[in-house]
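Before any comments, here is the structure.
Bear in mind these aren't lab numbers, they're just calculated from the coordinates by the rules spelled out. Computed from a prediction, not measured in an experiment: that's the story for all the values here. Every residue, glycine among them, receives a Cβ derived from its backbone with ideal geometry; neighbour counts consider all protein chains shown.
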Amino acid sequence: MNERVQTTLQEIFGFSQLRPGQLEVIEHLLGGHSAAAIFPTGGGKSLCYQLPALLLPGVTLVVSPLIALMKDQIDALRKKGVNASRLDSSLDLEEYREVTAQLRSGELRLLYVAPERFNNERFRESLRNVRISLFAVDEAHCISEWGHNFRPDYLKLAGFAREYGAERILALTATATPPVLEDMCRAFDISTGHAIRTGFYRPNLEIDARVVDASTRDGALLEAMRESPPGPAIVYVTLQKTAEAVAQTLADAGRPSRAYHAGMKADERTRIQEWFMASNDAIVVATIAFGMGVDKANIRAVYHYNLPKSLENYSQEIGRAGRDGEPSVCRMLACVDDVNISENFIYGDTPDESALRSLIAEIFSFGEEFDVSLHALSADHDIRPLVLRTLLTYLELGGYLQGGTPFYADYQFKPLQSSTEILSRFEGERRDFLAALFRQAVKGRSWFSLDPAQAAAALNTARGRIVAALDWLGEQKLMEVRVAGVRHRYRCLQQPTSEEELAAALHQRILQREQAELDRVQQVLDLIRLDGCQTNALARHFGEQREQPCGHCGWCLRGKSKLPARESASISEDIWREACELQQKRPETLRSSRLLARFLCGIPSPRLSKGKMSRHALFGSLEKVPFGDVLLKAERDCGAFRPPST
């Protein structure tokens, strides 16, 4: 081992030796090469950039979607005497300036940011003259739109790395299949010889899928817990309401359990996570949001109450068990009734081609420079927010648009002193400006509302001055200030030759993603039904070849599982007649076969929510029928009931 690496490893990080794969990655980076690290959860990916950051000149820029992980790593690094910081929305103006000053001066060794930070023009400008020795991208599988957790902002990272002259790139992930790894290496220009994959297989994990009925699943979960080694556990579910119900069932059975999901307030989720981290027997019943960045070594069991979304999600989630190397159980309660729910999430992300045509027409009618509310665009064109962001990213990468810094359209403030007291602190033009600004605000019960753009026009001044003034008054504790109504800036670089053709091409791309996600659900079912070692099959999915059966998966212990085929419920003619009549009455809301199918299968969409259709008695009336069957019938029959065009 390189002497500098050994010294830094021992003196700063307190380790005597590196884990498998770490040395190869670090040596590639110190040799001036970009690299990829595909290590299992808990395999030591973070050291692969933290250690080189201390041996390379310039700054190491770490891009990660996990804010909790950023905070934990920064706290740990600072305790070791390493100057590390982050830039995110939680920083006030003074903290932001301090971090950017250290970045420019070269004092900062590691800077952590979320991928969305690159949408901020001020941040991008602050990187112009900074030496970025290492550009580390955590969860790098998100760059692949054919991967399991695609995030549109990741698609632009490779371009930013080149634009700012990053000297080497490190792509890190725990869940890259061979095709996704190819995507990562191609995007970041990483030689395949510099992509280090350590083994997926972990001998201490008992991977087991047991087929259950929905009616007996709660009892099967309690039985599984009695059979498992004592200790902390995570139960993964699909829906928020399921998390609440299962947590209550476990609590009623005397198990210390709490629900965790995105519908909770942030401080409540934080309390639950802290409770879990401090306990030796806590059980969290969670949607997939829980566990990202949680570094708890003694989790003894991970249960999947519902089917995982994909093999990638499954491997990431079970990877949180037994990180201390002790025996741990990964039990999936496989119920074929879950397939409809899994598929409905996927179908709900696919907009109509007519929605894409209307979106494209509006976007390219705005002129050269414009700003938009993604919330409004989503509602107006019936496209889910994440899908909308993906489509706009496609337009950026296609050379049609250039994104700018988002801004807030609406400000609200609550004075903590009287306006007379606040104004008495100023003189002359500044006092007159603030007095005029206050007169532009509209008073509510206790908060004033202000549109900075309208106020700027009325006062014949720059919007930036108004925002700066409100921010300053907030920092001085003269008023509470809060913002809302985020808008996104764009510049139109070129008009499409044909808006129709562009919309059709985008629709085909979205349909391909839909099919890829449906295939992922099928891969989970195939693993459950597999007549062979399931551990080896899962390892093979991630590019690792194992010859000998593991001896401790469900197949090795009990043989092949018999997961029944999904039974398709019939479509009631009475329900269908009512649905078609409703479509005639509400053509503005149920104007297409896909929207009608969504409505009947209980899949929400912006248009259905806007029309308050989720409260209708027919909403979800065919939720037990596969979406594809309902869509096929709607496409066949709906023409007979389609209202005449106006």
| note | Longest the chain segment clear of trypsin sites (Lys or Arg not before Pro) sitting in DSSP loops (not H, G, I, E or B) with at most 11 other Cβ atoms within 10 Å runs 266-444
| In Å, what Rg and Dmax follow from the Cα atoms of the range 21-61? | 9.9, 29
| query | Mind listing which chymotrypsin sites (Phe, Trp or Tyr not before Pro) in the range 361-470 are in a DSSP loop and have 13 or fewer other Cβ atoms within 10 Å? | reply | PHE366, PHE426
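Can you tell me the FRET efficiency between ARG439 and ARG226 if r is taken as the Cβ-Cβ distance and R0 is 60 Å, rounded to the nearest 0.05?
Values: r = 69 Å, r/R0 = 1.15.
That gives a FRET efficiency of 0.30.
Ranking SER191, SER16 by Cβ neighbours within 10 Å, fewest first, what do you get?
Ascending number of Cβ neighbours within 10 Å: SER16, SER191.
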| task | Can you check what the net charge comes to around GLY219, using other residues whose Cβ is under 14 Å from the Cβ of GLY219 (Lys, Arg +1; Asp, Glu -1)? | result | 0
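Distances longer than 21 Å among the Cα atoms of the range 1-90: what percent of all pairs is that?
Here the tail beyond 21 Å accounts for 31 percent of pairs.
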| note | Cα convex hull volume per residue for the chain, in Å³, equals 194
| remark: Exposure proxy check on ILE26, ILE38, ILE196: fewest-to-most Cβ neighbours within 10 Å is ILE196, ILE26, ILE38
| In nanometres, what is the gap between the two model label sites at GLN495 and PHE123, each 7 Å from Cα along Cα-to-Cβ? | 3.4
| request: Net charge near ILE528: determine it from the other residues with C-beta under 15 Å of the C-beta of ILE528, scoring Lys and Arg +1 and Asp and Glu -1. | output: +4
| said: Report, to one decimal in Å, the Kirkwood hydrodynamic radius for the range 431-520 based on all distinct Cα pairs. | reply: 17.3
| Gyration tensor verdict on the range 380-443 (Cα atoms; rounded if a/c is under 1.5, prolate if a/b is larger than b/c, oblate otherwise) | prolate
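Give me the percent of Cα-Cα pairs in the range 573-641 that sit more than 17 Å apart, rounded to a whole number.
29
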| message | What distance in nm lies between label points placed 7 Å from Cα along the C-beta direction at VAL486 and ARG131? | response | 3.4
| task | Take MET332, MET264, MET277 and order them by how many other Cβ atoms sit within 10 Å, fewest up front. | result | MET277, MET264, MET332
| For the range 357-411, which GluC sites (Glu not before Pro) are in a loop by DSSP, counting at most 16 other Cβ atoms within 10 Å? | GLU368
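Once the Cα gyration tensor of the range 268-416 is diagonalised, what are the square roots of 5 times its eigenvalues, in whole Å and ordered largest first, as equivalent ellipsoid semi-axes?
Values: eigenvalues 324, 105, 42 Å².
Sorted largest first and rounded, they come to 40, 23, 14 Å.
Before rounding to the nearest 500, sum -39500 (n - 2.57) across all DSSP H runs of length at least 4 in the chain and divide by the residue total; then give [θ] at 222 nm in deg cm²/dmol.
Mean residue ellipticity at 222 nm (helix-derived): -13500 deg cm²/dmol.
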| Dmax and Rg, reported as Rg then Dmax, of the range 134-240 (C-alpha, Å) | 19.5, 58
| query | List the lysines whose alpha-carbon lies under 19 Å from that of LYS443, not counting same-chain residues fewer than 8 positions away? | reply | LYS414
| query | Taking K and R as +1 and D and E as -1, what net charge do the other residues with C-beta under 9 Å from the C-beta of LEU608 add up to? | reply | +3
| remark: As straight-line cross-link partners of LYS560, the qualifying aspartates and glutamates (C-alpha separation under 13 Å, not fewer than 8 residues apart within one chain) are ASP208, ASP526, ASP531
| field | Backbone N under 18 Å from the GLU514 label point (7 Å along Cα→Cβ), restricted to the range 343-373 | value | 343-360
| remark: note: the range 3-197, Cα-Cα separations exceeding 21 Å make up a percent value of 48
| So which GluC sites (Glu not before Pro) in the range 19-116 end up in coil per DSSP with only 14 or fewer other C-beta atoms within 10 Å? | GLU107
| remark: Here the FRET efficiency for GLU573 versus SER215, based on Cβ atoms and R0 = 30 Å and rounded to 0.05, is 0.60
